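Asks: This structure is in structure tokens; I'll ask about it shortly.
Taken together, the values in this text are just the output of simple stated rules run on the coordinates, not laboratory data. Source: prediction; values computed, not measured. Here Cβ is always computed from backbone atoms with ideal geometry, including for glycine, and neighbour counts include all displayed protein chains.
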Amino acid sequence: MIRRREVVTLLGGAAAAWPVAARAQQTAMPVIGWLSAISPGSADFARRAFRQGLKEAGYAEGENVTVESRWADGEADRLPALAAELVRRQVAVIAVPSGPASAFAAKAATKTIPIVFLVGEDPVALGLVASLARPDGNLTGVNFFATELTAKRLELLRELVPAASRIAVLASAGTGANTEATLRDVGSAARAMGLQVRVLNADNSREIDAAFATFVHERPDALLVTQIPFFLSRRLQLAHLATRHGVPAIYALRDYADVGGLMSYGASLTDAIRQLGVYCGRVLKGTHPADLPVVQSSKFELVINAQTARTLGLTIPPTLLARADEVIE
């Protein structure tokens, strides 16, 4: 017969063991490392889309998977150290939602931990993977064609502002190959259309303000904003400044048009990040990155903000309205 004191002792011992068991269970939960070039405050939509992708693959954050984040807050030189932290953490897979710089930092940090990236241009040309069908190594991911569609955006901008002859291009000196590829496309397309191009670089909020301040004197006819993670994180600032300075602008992602940008043309970033989550889930289930072909976005959307057009005194051509996937009133 067990006496009361023994019962109390047994129960106390079991209670003491519960936190240990809980910790062991938590430790066994796979960890995804999230390596982002931007800041947490500008990535809420991305995390929602990523969780949706994980859910489709059978994972729910906090239930059977943990996501540990590292944010560079727009400072690309911090990415290698942040990637190294995730490697030391021994995460199961590294998700890279914010462009080539983050992907290369992760690639340099590990040759064994799977890496799933999101980039806006051909990852083979960048040197991230050997091929789209068989990525090889420990990387695979999603290409949402932010860069390759630059010439098309310039055509749409000219269609909206037929009299435009001088185009300002907002780029970033700190994004290397990504900016070079974009500017090559802009240059060739502009020459074919007889346009003059003026490139302005901005790598922080102060430089964005300075770039727009030059418009007061130079008065470009229109503006093309190249796609980098930092610009996306500053989309409110960019849309506001373009409207305030009376400059018709086109962007790569609908996220700009949603906050007041005039026009956007490109793939759905939300859907691309959802696919990033799906691929991370498949990797957690044991699929090797080399066996996951790089996903290439196939649906592109033209979004026009009619309210911003009216503010700028622009009449949207009926042909452009007819082709728009969405007109924001």
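Asks: In terms of modelled amide H atoms, which long-range or inter-chain residues lie less than 5 Å from the amide H of Gly141?
Replies: Phe117, Val294, Val295
Asks: Further question on the same structure: Would the stretch 94-236 count as rounded, prolate or oblate if I go by the C-alpha gyration tensor, calling it rounded below 1.5 in a/c and otherwise prolate when a/b exceeds b/c, oblate otherwise?
Replies: Working: a/c = 3.00, a/b = 1.83, b/c = 1.64.
Judged from the Cα gyration tensor, the stretch 94-236 comes out prolate (a/c at least 1.5, a/b above b/c).
Asks: Using the Cα centre as the reference, give the magnitude of the dipole from point charges on the C-beta atoms of the chain (Lys, Arg: +1; Asp, Glu: -1; all else neutral), rounded to the nearest 20 debye. It would help to have the intermediate numbers written out before the result.
Replies: On the way: 34 positive and 31 negative charges, 167 e Å.
So the magnitude is around 800 debye.
Asks: Here is a further query. Does the stretch 182-240 come out rounded, prolate or oblate by the C-alpha gyration tensor, with a ≥ b ≥ c the root eigenvalues, rounded set by a/c under 1.5 and, if not, prolate when a/b is larger than b/c and oblate if not? If you can, show how the numbers build up before the last one.
Replies: Numbers: a/c = 2.33, a/b = 1.43, b/c = 1.63.
The shape class here is oblate.
Asks: Calculate one ³J(HN,Hα) per residue across the stretch 86-93 by plugging θ = phi - 60° into the Karplus curve 6.51 cos²θ - 1.76 cosθ + 1.60, and present them in order as whole Hz with x for glycine and proline.
Replies: So the Karplus estimates, Gly and Pro as x, are 5, 5, 5, 5, 6, 5, 7, 7 Hz.
Asks: In whole Å, how far is the Cα centre of the stretch 240-254 from that of the stretch 38-103?
Replies: 29
Asks: Same structure, new question: Compute the Cα gyration tensor for the stretch 176-329, then decide on rounded, prolate or oblate, letting a ≥ b ≥ c be the square roots of its eigenvalues: rounded whenever a/c is under 1.5, prolate when a/b is larger than b/c in the other cases, and oblate in all that remain. Intermediate values should be presented prior to the final figure.
Replies: On the way: a/c = 1.91, a/b = 1.58, b/c = 1.21.
Judged from the Cα gyration tensor, the stretch 176-329 comes out prolate (a/c at least 1.5, a/b above b/c).
Asks: Additional query: Non-local amide H neighbours of Val197 (under 5 Å, H modeled in plane, Pro and chain starts lacking H): which ones?
Replies: Amide H to amide H, under 5 Å and 5 or more residues apart or across chains, Val197 pairs with Ile167.
Asks: Could you work out which residue, out of Ala257, Ala95, Ala210, moves most in a Gaussian network model of the chain, that is, has the largest mean-square fluctuation with Cα springs under 10 Å?
Replies: Ala210
Asks: Here's another thing I want to ask about it. Springs between alpha-carbon pairs under 10 angstrom, Gaussian network model over the chain: which of Thr311, Thr140, Thr150 fluctuates most?
Replies: Most flexible of the set in this elastic network: Thr311.
Asks: What length, rounded to one decimal in nm, is gained on full extension from Ala108 through to Asp291, with 0.36 nm per residue of separation minus their alpha-carbon distance? Kindly include the intermediate steps, with their values, before the conclusion.
Replies: On the way: separation 183, 0.36 × 183 = 65.88 nm, distance 2.07 nm.
Result: 63.8 nm gained on full extension.
Asks: Something else about it: Give me the extension gain from Thr319 to Glu218: residue separation times 0.36 nm, minus the current Cα-Cα distance, reported in nm with one decimal.
Replies: Numbers: separation 101, 0.36 × 101 = 36.36 nm, distance 3.02 nm.
Answer, rounded to one decimal: 33.3 nm.
Asks: Can you tell me, using C-alpha contacts under 8 Å and at least 6 residues apart, the relative contact order of the stretch 200-307 as a whole percent? Intermediate results must be reported in sequence, preceding the final value.
Replies: On the way: 131 pairs, mean separation 24.0, N = 108.
It rounds to 22 percent for the stretch 200-307.
Asks: Grab the DSSP H runs of the chain that are 4 residues or longer, score each as -39,500 (n - 2.57), total them, divide by all residues and round the 222 nm result to the nearest 500 deg cm²/dmol.
Replies: -14000 deg cm²/dmol
Asks: Taking only pairs that are 8 or more places apart or on different chains, how many Lys pairs in the chain have Cα atoms under 23 angstrom apart? Write down the numbers at each step before the final one.
Replies: Numbers: Lys55/Lys285; Lys55/Lys299; Lys107/Lys285; Lys111/Lys285; Lys152/Lys299.
Counting lysine pairs in the chain gives 5.
Asks: Taking R0 as 45 Å, what FRET efficiency do you get between Ala163 and Ala84 from their Cβ-Cβ distance, rounded to the nearest 0.05?
Replies: On the way: r = 52 Å, r/R0 = 1.15.
Given R0 = 45 Å and the Cβ-Cβ separation, E is 0.30.
Asks: Using the number of other C-beta atoms within 10 angstrom as an exposure proxy, rank Ile113, Ile94 with the fewest first. Present the calculation step by step, with values, prior to reporting the outcome.
Replies: Values: Ile113 20, Ile94 31.
The fewest-first ordering by Cβ neighbours comes to Ile113, Ile94.
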